[in-house]
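For reference, the structure is listed below as structure tokens.
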Amino acid sequence: AQSVAQPEDQVNVAEGNPLTVKCTYSVSGNPYLFWYVQYPNRGLQFLLKYITGDNLVKGSYGFEAEFNKSQTSFHLKKPSALVSDSALYFCAVGVSGSARQLTFGSGTQLTVLP
Amino acid sequence: DAMVIQNPRYQVTQFGKPVTLSCSQTLNHNVMYWYQQKSSQAPKLLFHYYDKDFNNEADTPDNFQSRRPNTSFCFLDIRSPGLGDAAMYLCATSRDHSPPNEQYFGPGTRLTVT
């Protein structure tokens, strides 16, 4: 079985401050982890992924994510938030060789306050 | 630019009147997915095609059907839409599905059922 949890429905941060959007996962096997962003009335946009290797993954628009195997987490981070980062963020997990496709988290609404 | 295109962006249909949503891609990806998303919730996978092989999710209602006549196009048919089928429908593609690849999403079709 595979599952992913985003414990915060809403995250508010001031512009210029660092941001973190949390994600934890549960899989049998090695996880493939993804972050997506969704703006209103748009599809999801791929931000970054972790497959193997360096635990710190860098992605689009200055975002990065840190894979922590012991804590089964894959938190999304950005050193300095922009108002334009305000959007809905989804974490997703998959496993190679599984019949199941990606499992998405419930989403976290990020609001960056000017 | 290579992309995933969905038409129409907004679709209004009447209760019980069949409707077809379309998706096309210029990425030449093997896999095409259809998701249903309600009210900023996690996207729910309805089915996917790996090339011509159709894979239905166990909990997808029979009311939802799909066709993939060629690599570039995929259609979602809702045979008798109910009020509960009002949602955003997202098409996505990926190069492969095992191991899990990042998915590229279209802008979505927002379906209203009157």
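The values are calculated or read from the model by the stated rules, or taken from the named source; none is laboratory data. Not measured: the values here are computed from a predicted model. Every residue, glycine among them, receives a Cβ derived from its backbone with ideal geometry; neighbour counts consider all protein chains shown. Accessible surface areas use protein heavy atoms only, side chains included; no ligands, DNA or RNA. Shrake-Rupley method; radii C 1.70, N 1.55, O 1.52, S 1.80 Å.
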Probe 1.4 Å, accessible area per residue of chain B, Å²: 48 Å²
Once you place label points 7 Å from the Cα toward the Cβ at A:K58 and B:D77, how far apart are they in nm? 4.9 nm
Could you go through segment A:60-77 in sequence order and give the Karplus-derived ³J(HN,Hα) for each residue, using 6.51 cos²θ - 1.76 cosθ + 1.60 with θ = phi - 60°, rounded to whole Hz, and x for Gly and Pro? 6, 6, x, 7, 9, 9, 10, 7, 10, 5, 5, 9, 6, 10, 8, 7, 8, 9
Mind checking which aspartates and glutamates have their C-alpha under 18 Å from B:K17, skipping anything on the same chain fewer than 8 residues away? B:D62, B:D77, B:D85
Surface per residue (accessible, 1.4 Å probe) for chain A, Å²: 46 Å²
Probe radius 1.4 Å, ligands and nucleic acids ignored: give me the carbon and sulfur share of the accessible area of segment B:4-113 as a rounded percent. 47 percent
Cut-off 10 angstrom, C-alpha nodes, Gaussian network model of chain B. Which of B:F15, B:F64, B:F73 fluctuates the most? B:F15
Rounded to one decimal in nm, the spacing of the 7 Å Cα→Cβ label points at A:N17 and B:Y10 is 3.6 nm
Given the options B:D51, B:D96, B:D59, state which has the largest fluctuation in a GNM of chain B using a 10 Å cut-off (strictly under) for Cα springs. B:D59
Just check the protein assembly as shown against the gyration tensor rule for me: Cα atoms, a ≥ b ≥ c as the square roots of the eigenvalues, rounded for a/c under 1.5, and otherwise prolate or oblate depending on whether a/b exceeds b/c. prolate
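Express the carbon and sulfur contribution to the solvent-accessible surface of chain A as a percent, rounded to the nearest whole number, probe 1.4 angstrom.
Result for chain A: 50 percent of the exposed heavy-atom area is carbon or sulfur.
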So how much accessible surface do B and A hide from each other in total, probe 1.4 Å, in square angstrom to the nearest 100? 1800 Å²
Scattering profile of chain A at q = 0.12, 0.13, 0.20, 0.23 Å⁻¹ [log10 I(q)/I(0), Debye over alpha-carbon scatterers]: -0.38, -0.45, -1.04, -1.34
Could you tell me the relative contact order of chain B? Use alpha-carbon pairs under 8 Å, at least six residues apart, and round to a whole percent. 38 percent
For the pairs A:K22/A:K49; A:K78/B:K38; A:K22/A:K69, note any where the Cα-Cα span goes beyond 26 Å. A:K78/B:K38
Compactness of segment B:4-113 as Cα Rg over 2.2 N^0.38 Å, two decimals: 0.99
